[in-house]
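The values are calculated or read from the model by the stated rules, or taken from the named source; none is laboratory data. Being a predicted model, the structure only gives us computed values, none of them experimental. Ideal geometry is used to build each Cβ from the backbone, glycine not excepted, and the neighbour counts take in all protein chains shown. The accessibility values were calculated without ligands, DNA or RNA, using every heavy atom of the protein model including side chains. Shrake-Rupley method; radii C 1.70, N 1.55, O 1.52, S 1.80 Å.
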Amino acid sequence: MTADPFTGQPTDPSGQQHEQAAPPPALPQRTRATTAAARGADLGISPFDLIQHMMDAVPDFAALHAAVELGIFELLCHEKLTSDELAACCACDPAATRRLMRWLHGGRFVTLDCDRYQLTPYGQVLTAAAERSQRHAVLVTGSSYWWDAAGNLTETVRRGHPAWPTGLPPYDYLAHHPAIGREFDLFMTARSAAVGQDLAAFDYDHVRTIADLGGGLGGVLAAILRKHPHLRGVLADRQDVLDRARDHLATQGLADRIQLAAGDLFDRVPHGAEVYLLSSVLHNYSTAQGVDLLTTVRHTIEAGDHPAEVWIIQGMLPGLAGQPSRWYSTDARMLSLFPGDGVQDRDAMFRMAREAGLHVRKTNQLPTSQQTLMITHP
């Protein structure tokens, strides 16, 4: 017998090694804690050249997306190929392919060995087999919906809410387009790997069940459960997401330790966990919606028979206005996609928790993901 994740009541069960190229010379690093202007100042770039650099990033990313979408990196993952061989494999124009490969070579994604291209570490991270692949992030960010949403930012700012390219909000669009939905899930799984690594390092001796709310394919839960064999998990998300998560968790041998709970988290939250995770969820919503969601979690805890905590994991804007931060870029992306209030600073997150009837017991700066963990309880 298994337990219903919302009520806790029993229910009947229903279910090749490749030689790597030498690392390329070091490139100027885009650090997590600086804006474009600050990076320009650090590198001694003039304001004019900085703006030119930002504009050049648009065709650069378009070229990178084209190479990923055409399968260039997957082909070179298996063997060294000439430009003409790549063009034939991808059914592309040979001359145009040579220009694309010339760009990839100049960008240090590939090297040349007797007219045959091979991947560098920068190219390897764009393959599906990479441990933390960026392939899926590039495919999503370069997809027509995301690309057009960013291009519509002017209209979004005028209207005060996103000018969605197809009229559908992002998650509805993903549900109606399974192919890009799968890429988005894998994109989020790669992004959440650092959070999972950070949280897996915590002590869970007094915890038996962790519920990840809006946890996608369950990447964070999987990392924690692999490190702590006594734990069980509940993964709560939309039904279409959980349909994809089921196979993903089965391949990791965790299907019997993670229960799937489909539904609207604003209506009800799974019952019976000692820790409830909300990782990179609240920035999708308005402050009022965030308070509503946290209140629903609190009510679930208060209706249970044992204490529990709510762990909120978020990137946060700096408290000092104008201080450089990578999270401004994330907030601009949220502005183009979601009608909420986006990324908040620490004080705003504390207020949200208090309004939901939660007390912030502790905060931690997570070392790998560079996000902030707020540990709260009713």
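A few notes on this one:
- Residue in the range 241-252 that is open to solvent by less than 20 Å² (accessible area, probe 1.4 Å) and modelled with pLDDT of 95 or more present: no
- Taken over the range 139-163, residues that are within 17 Å of ASP341 (Cβ to Cβ), touching a Leu at 6+ places or on another chain (Cβ under 9 Å) and not aliphatic (A, V, I, L, M) amount to 2.
- Qualifying residue in the range 176-187 (condition: over 21 Å from the mean Cα position of the chain (by Cα), modelled with pLDDT under 95 and more than 23 Å from ALA62 (Cβ to Cβ)): no
- Hits in the range 240-283 - residues which are within 17 Å of PHE187 (Cα to Cα) and part of a strand (DSSP E or B): SER279
- Of the candidates THR300, THR376, THR372, THR295, the single residue that is open to solvent by less than 40 Å² (accessible area, probe 1.4 Å), more than 30 Å from THR166 (Cβ to Cβ) and either at pLDDT below 95 or out of contact with any strand residue (DSSP E or B) (no Cβ under 9 Å at 6 or more places or on another chain) (or both) is THR295.
- On inspection, ARG208 qualifies as open to solvent by 60 Å² or more (accessible area, probe 1.4 Å) and modelled with pLDDT of 95 or more.
- Subset of the range 225-239 that is under 18 Å from LEU186 (Cα atoms) and not small (Gly, Ala, Ser) - its residue that is surrounded by the fewest Cβ atoms within 10 Å (Cβ to Cβ): GLN239
- In the range 337-369, residue surrounded by the fewest Cβ atoms within 10 Å (Cβ to Cβ) [restricted to those that are in a strand (DSSP E or B) and touching a Pro at 6+ places or on another chain (Cβ under 8 Å)]: HIS359
- Residues located in the range 316-348, provided they are within 24 Å of HIS359 (Cβ to Cβ) and in contact with a strand residue (DSSP E or B) (Cβ under 6 Å, 6 or more places away or on another chain): MET316, LEU317, GLY319, VAL343, ASP345
- Residues of the range 112-124 that are closer than 18 Å to GLU74 by Cβ and surrounded by fewer than 17 Cβ atoms within 10 Å (Cβ to Cβ): ARG116, PRO121.
- Odd one out for GLY107 among (1) in contact with a helix residue (DSSP H, G or I) (Cβ under 7 Å, 6 or more places away or on another chain); (2) open to solvent by less than 40 Å² (accessible area, probe 1.4 Å); (3) within 18 Å of ALA62 (Cα to Cα): (1)
- Annotation note: Cβ proximity below 8 Å between a residue of the range 63-75 that is in a helix (DSSP H, G or I) and a residue that is of a type in the set (Phe, Trp, Tyr) (sequence gap 6+ or interchain) occurs for ALA63/TRP103; LEU64/PHE109; ALA67/PHE73; ALA67/PHE109; PHE73/PHE109.
- Against the numbered list (1) in a helix (DSSP H, G or I); (2) over 19 Å from the mean Cα position of the chain (by Cα); (3) surrounded by 14 or more Cβ atoms within 10 Å (Cβ to Cβ), ALA222 comes up short only at (2).
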